[in-house]
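First up is the structure itself, then whatever we jot down about it.
The values are calculated or read from the model by the stated rules, or taken from the named source; none is laboratory data. Only a predicted model underlies this, so the values are computations on that prediction, with no experimental measurement involved. Every residue, glycine among them, receives a Cβ derived from its backbone with ideal geometry; neighbour counts consider all protein chains shown. Ligands, DNA and RNA are stripped out before the accessible areas are found, and what is left, the full protein with its side chains, is counted by its heavy atoms. Shrake-Rupley method; radii C 1.70, N 1.55, O 1.52, S 1.80 Å.
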Amino acid sequence: MSDDRPPRVPILMYHAVTFAPTPAVRALSVTPDAFAEQLAALADGGFTPLTAAALATAWRGGGPLPDRPVLITFDDGYEGVHRYALPALARYGFPATLFLSTGWLRGRYDTGDAPDTMLDWRQVRELAAAGVEIGGHSHGHPPLDGLDDRRLRQEVLRCREVIAEEVGTAPESFAYPYGHSDRRVRGMVRGLGFRQALAVGNALAARAQGPYALARLTVRRRTGTEEFARLVEGRGLVRAYAADRVLTKGYALVRRARQVVRPCPPGP
């Protein structure tokens, strides 16, 4: 009997690919060897990598997906994506999507706040030329749902404009810093020209989530080979991300409280 249920797609979220991360990014980094092993596991498992734009286009138009689709995404813009990840991707002919925090990259827009060694714009252009989709991840990487409308617009628009100027093409895809968004943030991202956006969620992505709230799976330094194989198959997700879910609920409560509380007017 055929399975007519809508497909659920693993979208893998990477950050730094490096042998020697700074303490700030260590937990969310992977070694180049581990990354290469994970790509080999995808190839051996018959997975077909797509870009974020390709997945969203297929779901938006109701088009078919390839057998065992998977997305490989990177957040922030760490230098190891060019040094280590690109050769591994090229070895298998795999596309990927890179979401840039434009104020963290080396160059004329650098704000000096980057947590580790970042890409420069020449490297970004080389990644784009090699088939990596370049997406936005804000300019300064703040939690967007905590910003007022003016700053929110600045963060999203500045990111889009910088990428368009440096790469030559305006980005179609966006990823929310820290995975945080709300209806207002999603509306702003959509209104400024992005056609799809990714969250975190640590779940498989589904068309029913909508194009501006697609879930991703966190890959981190402690993700072993067997756990990785389970994640891309969608098995054991509740157990693997139990601690993440508790933290996410806690952060949501804190953010909600900050949005509700307003300073009292001064007394007479």
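Some points to look at:
- For region 57-148, the mean projected area of the C-alpha convex hull, equal to one quarter of the hull surface, is 7.9 nm².
- Accessible surface for F35 stands near 0 Å², nearest 10, in the context of the full protein assembly shown (1.4 Å probe).
- Exposed-loop-free span, longest in the chain, where trypsin sites (Lys or Arg not before Pro) count as exposed if DSSP calls them loop and at most 12 other C-beta atoms lie within 10 Å: 109-221
- Over the chain, Cα pairs under 8 Å with separation of 6+ residues give a relative contact order of 20 percent.
- Compactness of the chain as Cα Rg over 2.2 N^0.38 Å, two decimals: 1.00
- Percent accessible area from carbon and sulfur atoms, the chain, protein chains only, probe 1.4 Å: 54
- Antiparallel DSSP beta bridges within the chain, percent to nearest 5: 10
- Relative to the longest principal axis of the Cα atoms of the chain, the long axis of helix 52-61 makes an angle of roughly 90 degrees.
- Rounded, prolate or oblate (a/c below 1.5 giving rounded, otherwise prolate when a/b exceeds b/c) for region 49-107 by Cα gyration tensor: oblate
- Rolling a 1.4 angstrom probe over the protein heavy atoms with all chains in place gives the chain an accessible area of 49 Å² per residue.
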